Amino acid sequence: MKQKERRPGQKKTSGPSGENRRDDRADRPSKPVTRPAAAREAVRETPAPVAAVRPLTARSGERPTERVPVILESLGAGDFHLIDSGNGEKLEQYGPYRIIRPEGQALWQPSLPTHIWEKVDAVFTGDTDEEGTGRWRFPKGALGETWPLNLLGVDFLGRFTSFRHVGVFPEQIVHWDWMKEQVEKAGRPLKVLNLFGYTGVASLVAAAAGAEVTHVDASKKAIGWARENQALGRMEKLPIRWICEDAMKFILREERRGSQYDIILTDPPKFGRGPNGEVWHLFEHLPLMLDICREILSPKAVGLVLTAYSIRASFYSIHELMRETMRGAGGVVESGELVIREAGTDGRTQGRALSTSLFSRWVPK
């Protein structure tokens, strides 16, 4: 199957490191878990000029070679698959539950008959705006707030949040699978930084594979949810630092300290607010965020991964930004879209591909 967390999720985002999200992301917790970084609320304030933090680094040298467009696709994995989509909605399987959520990109008609769509456990209703709130309806009777799920061997909790998200953005599994492979074959403990980390599934996948992980999210609820997930899988002894802080402030401090990471995952929201009122605007602050991320990549870095949800832009926008950021570093920048393919009621019958987010990934070769 194929991060999300973005981007997932309810990101209202807690600021530069805040909650946010894409459709799905509207709920993530870098954002409050109740609206994870996925459903980050739109912040109307004018962001502070990035130059007030520090100017962008003047870079020289050749830009990395490019691979475009790249479509990273997942059919389903673990306890998740996309059953059907259409009429602005998607029908999904999350463990024992079938749920319906809004999906603006599902412009077509559903493939499966109406009676399949009617036999669901939960339906998200209310405000369908990316940053809006709503509520869940349970046609078969009330359900518990949480339920256990598993992806890539990691146990975590699904949760019905007010921003339509459930605690994971399964399309991100293609990035997590890639990261897991890099960690396992490295022959040394890789240091992974997970910015806007949401509920921690990616961090747990990396740590279980042998990485030393730093997980950053500005939402206390998101961090709390992530710790619940760690405890659920009895993974308390894994080397993970849980940091509740504005993402930009954190990486600026890491830059001053000379800290370095081998893999950086970042899934920022469109708009957000940090725990101390910091304002994040993707189009204003993303160039500086990536610039700082490059400065804290180790000399033997394995990759820098960016995902972007719910933005009106071409993947070429973040692709060219990534190439400029990594000018002189060699390697390859591959960019495109993350998509999930419909898998039917049996989880194996391939249907249409549903685009979920944009991504750009730099790798050394």
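The values are calculated or read from the model by the stated rules, or taken from the named source; none is laboratory data. Treat the numbers as computed from the prediction; the structure is a model and nothing was measured. Glycine gets a Cβ as well: all are built from the backbone with ideal geometry, and neighbour counts include every protein chain shown. Heavy atoms of the whole protein, side chains included, go into the accessibility calculation; ligands, DNA and RNA do not. Shrake-Rupley method; radii C 1.70, N 1.55, O 1.52, S 1.80 Å.
Using alpha carbons only, how many angstrom separate the centre of segment 155-204 from the centre of segment 331-365?
About 15 Å separates the Cα centre of segment 155-204 from the one of segment 331-365.
Quick one: if the Förster radius is 45 Å, what FRET efficiency do T345 and S60 give, using the C-beta to C-beta distance and rounding to 0.05?
The calculated FRET efficiency here is 0.25.
Would you mind pulling out the separation of the Cα centroids of segment 79-130 and segment 230-300, in Å?
If we compute the Cα centre of each part, the gap is 32 Å.
In whole angstrom, and with the biggest value first, how far do the Cα coordinates of segment 129-170 range along each principal axis?
Principal-axis extents of segment 129-170 (Cα, largest first): 32, 27, 12 Å.
Order Y261, Y97 by their accessible area, 1.4 angstrom probe, all chains in place, largest first.
Solvent-accessible surface, decreasing: Y97, Y261.
Express the accessible area of segment 279-360 per residue in Å², computed with a 1.4 Å probe while the remaining protein chains stay in the model. Could the numbers behind the result be given before it?
Details: 2830 Å² over 82 residues.
Counting only protein heavy atoms, the per-residue value for segment 279-360 is 34 Å².
Computed over the Cα atoms, what is the radius of gyration of segment 132-250 divided by 2.2 N^0.38 Å, N being its residue count?
Here the answer is 1.11, to two decimals.
How much accessible area does L297 have with a 1.4 Å probe, in Å² rounded to the nearest 10?
Accessible area, nearest 10 Å²: 20 Å².
With every protein chain left in place, what is the accessible area of T325 in Å² (1.4 Å probe, nearest 10)?
It works out to around 10 Å².
If you roll a 1.4 Å probe over the heavy atoms of the protein chains, what accessible area per residue do you get for segment 162-230, in Å²? Can you show the working numbers first?
On the way: 1830 Å² over 69 residues.
That works out to 27 Å² for each residue.
With a Förster radius of 30 Å, plug the Cβ-Cβ distance of N276 and E236 into 1/(1 + (r/R0)^6) and report the FRET value to the nearest 0.05.
0.55
Report the calculated FRET efficiency for Q105 and F138 (r = Cβ-Cβ distance, R0 = 30 Å), to the nearest 0.05.
Efficiency, rounded to the nearest 0.05: 0.70.
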